[in-house]
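The values are calculated or read from the model by the stated rules, or taken from the named source; none is laboratory data. Just so you know, these numbers come straight off a predicted model, no measurement behind them. Quick reminder, even Gly has a Cβ in these numbers, built from the backbone with ideal geometry, and neighbours come from all protein chains shown.
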Amino acid sequence: MKLTDVDVLIIGAGPAGSTAAALLQREGFKLLVVEKQTFPRFVIGESLLPHCMDLLQEAGLLENVVARNFMQKNGAVFHRDGRTCNFDFAAQFTAGWTHTFQVPRGDFDQTLADGVAARGVEILYGHGVTAVSFDEAQATVTIEPPDGPPRSVTAKFVLDCSGYGRVLPRLLDLEKPSHFPVREALFTHVTGDQRPAGREEGKIWACQHPDGAWLWIIPFSNGKTSVGAVAAPEFFTRYPVEPEARLRAILASDPSAGPRLANTQFTFVPQKISGYSCAVKQLFGPRFALVGNATEFLDPIFSSGVTLALASANRAAKVLTRQLRGEAPDWQAEYADYMMQGINTFRAYVSAWYDGTLHQIFFAAGANPGIMRQICSVLAGYVWDRSNPYVTQPERALPLLAKIIQPRAVSFAP
């Protein structure tokens, strides 16, 4: 084994790992990023939220992203039973970005990783972390390359940004069940999507299927569109077994998605993921912290994944910088509690979507425009703006609001 000493070892070169590396490299720390896969690689989670723009800008990576000419996303449109709720990010409560991007993740993640590598951060692709141990002075991590003997790397601290790989939760027995029921997602990319014009083109569509699923439609600037269906496993058994026939039948049977996607061609055989929601027992330890999807993954409905990844990387890098400078930060208060506040806000909205509370609000007559702007800010990712009552008290505020309004088509535009 070869011994290498670094200040911080980062597991994973996705958005969380690249953002953390960018911020820590700026502070002058010696870093090593270890990535199991070879980039570019396919992953879902393709719709960003406006708060991502703040976080990318702070990490010095926004210019790299803008240069890729991704599809501009100006809001989100929800469809149900012929009714529409159109949120535009220009009409929100929190002062922040009014747009973001729809991104093929292979390209997006490669862009961020390349931006970090250009600054001199070493990224080892195709290397897996197979063991880790901690003592009072350091962490020792075993890395297996694609060929050749394992390497032993010592680090003052380990950031697990491994996403769905969840390396440290698995190695340290930190996983625990999610409170959400098991759901499945079936998805692909298509061409031939009949998109709306102008500012509406780049908005994500979330269509509530008559039989209980919901569908996403995410347009890209490369001419492709990401489409998928999310539901309990039993929903999918009502449709053909073969994946392409199954997804086509689901899309065609939705009154909103069907006409838009009627003439599309699939670019790859639909893929499935199941039981994707996850949780952990703790977010940090004496010489490690969990970041991004290595902490919790909720659900794709509000596209929170990349936002939480970037936000947790930003926060962890700042707290860790203080620790490496010799201070004694409070990881519980400054990192774990902070992140759980944002995660729990998104969790409340995910729960309210699936229990129907948000459907009552989104497709309602008499909805207060000011309140809907506050909700729009949550959908834009500003879940740490504690001046927004629909951030701080969603479990109480959303059900109360749902009781006093009636359904209709609505639009919240600038």
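Would you check if VAL33 is assigned to a strand (DSSP E or B), at negative phi and surrounded by fewer than 23 Cβ atoms within 10 Å (Cβ to Cβ)?
Numbers: assigned to a strand (DSSP E or B): yes; at negative phi: yes; surrounded by fewer than 23 Cβ atoms within 10 Å (Cβ to Cβ): no.
Criteria not met by VAL33.
Just one of the numbered conditions (1) within 30 Å of ILE250 (Cα to Cα); (2) surrounded by fewer than 21 Cβ atoms within 10 Å (Cβ to Cβ); (3) not hydrophobic (A, V, I, L, M, F, W, C) is not true of HIS189: (2).
Of the residues that sit in the range 255-312 and are hydroxyl-bearing (Ser, Thr, Tyr) and out of contact with any Leu (no Cβ under 7 Å at 6 or more places or on another chain), which one is modelled with the lowest pLDDT? Among those residues, the one meeting the criterion is TYR276. Among the residues of the range 377-389, at least one is on the phi > 0 side of the Ramachandran plot and surrounded by 15 or more Cβ atoms within 10 Å (Cβ to Cβ). Does the range 144-178 hold any residues that are part of a helix (DSSP H, G or I), out of contact with any Lys or Arg (no Cβ under 9 Å at 6 or more places or on another chain) and among the aliphatic types (A, V, I, L, M), and which are they? If the condition is that a residue be part of a helix (DSSP H, G or I), out of contact with any Lys or Arg (no Cβ under 9 Å at 6 or more places or on another chain) and among the aliphatic types (A, V, I, L, M), then LEU168, LEU171 are the ones that fit. Residue pairs whose Cβ atoms lie under 9 Å apart, sitting 6 or more positions apart in sequence or on different chains, and linking a residue in the range 131-146 that is in the same structural domain as VAL167 (by TED's automatic domain parsing) to a partner that is of a type in the set (Ser, Thr, Tyr) and in a loop (DSSP other than H, G, I, E, B), are PRO146/THR38. The condition of being crowded, with 22+ Cβ neighbours inside 10 Å, within 21 Å of PRO15 (Cβ to Cβ) and aliphatic (A, V, I, L, M) holds for only one of VAL66, VAL141, VAL129, that being VAL129.
Only residues that are among the basic types (Lys, Arg) and surrounded by fewer than 19 Cβ atoms within 10 Å (Cβ to Cβ): list them for the range 252-272, please.
Here is the first cut: in the range 252-272, the ones among the basic types (Lys, Arg) are 260, 272.
Listed by number, the list holds a single entry, LYS272.
In the range 58-78, what residues are in contact with an Asp or Glu (Cβ under 8 Å, 6 or more places away or on another chain) and in a strand (DSSP E or B)? Within the range 58-78, MET71, GLY75, VAL77 qualify.
Yes/no matrix, rows are residues, columns are (1) among the aliphatic types (A, V, I, L, M); (2) surrounded by fewer than 22 Cβ atoms within 10 Å (Cβ to Cβ); (3) in a helix (DSSP H, G or I):
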| site | (1), (2), (3) |
| --- | --- |
| PHE180 | no, yes, no |
| GLN194 | no, yes, no |
| ILE218 | yes, no, no |
| ASN222 | no, yes, no |
| ALA229 | yes, no, no |
| PHE235 | no, yes, yes |
| LEU247 | yes, no, yes |
| ILE250 | yes, no, yes |
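Exactly one residue among TYR349, TYR335 is hydroxyl-bearing (Ser, Thr, Tyr), out of contact with any Pro (no Cβ under 7 Å at 6 or more places or on another chain) and not assigned by TED's automatic domain parsing to the domain that holds ALA397, and that residue is TYR335. One residue alone among ILE143, ILE123 is touching a His at 6+ places or on another chain (Cβ under 8 Å), on the phi < 0 side of the Ramachandran plot and among the aliphatic types (A, V, I, L, M), and that residue is ILE143.
Does the range 324-333 hold any residues that are among the small types (Gly, Ala, Ser) and in a helix (DSSP H, G or I), and which are they?
At the first step, the residues of the range 324-333 found to be among the small types (Gly, Ala, Ser) are 326, 328, 333.
Result: ALA333, single match.
Looking at the structure I just gave you, is GLU136 surrounded by fewer than 18 Cβ atoms within 10 Å (Cβ to Cβ), modelled with pLDDT of 95 or more and of a type in the set (Asp, Glu)? Answer is no for this residue. Looking at GLY82, is it surrounded by fewer than 17 Cβ atoms within 10 Å (Cβ to Cβ) and either more than 27 Å from ALA21 (Cα to Cα) or of a type in the set (Val, Ile, Thr) (or both)? Criteria met by GLY82. With respect to (1) over 21 Å from the mean Cα position of the chain (by Cα); (2) surrounded by fewer than 22 Cβ atoms within 10 Å (Cβ to Cβ), the lone exception for GLY96 is condition (1). Number of residues in the range 273-295 that are loosely packed, with under 15 Cβ neighbours inside 10 Å and either among the polar types (S, T, N, Q) or within 18 Å of GLY45 (Cα to Cα) (or both): the value is 2.
Quick grid of which residues meet (1) within 21 Å of PRO394 (Cα to Cα); (2) in a helix (DSSP H, G or I); (3) without any contact (Cβ under 8 Å) to a residue 60 or more places away in the chain; (4) not β-branched (Val, Ile, Thr):
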| site | (1), (2), (3), (4) |
| --- | --- |
| GLY258 | no, yes, yes, yes |
| VAL269 | no, no, no, no |
| ILE273 | no, no, no, no |
| TYR276 | no, no, no, yes |
| PRO300 | yes, no, no, yes |
| ALA309 | no, yes, no, yes |
| ARG322 | no, yes, yes, yes |
| TYR335 | no, yes, yes, yes |
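Residues that are assigned to a helix (DSSP H, G or I) and more than 19 Å from ASP81 (Cβ to Cβ): does the range 200-216 have at least one? Within the range 200-216 (the criterion being assigned to a helix (DSSP H, G or I) and more than 19 Å from ASP81 (Cβ to Cβ)), the answer is yes, since at least one residue qualifies.
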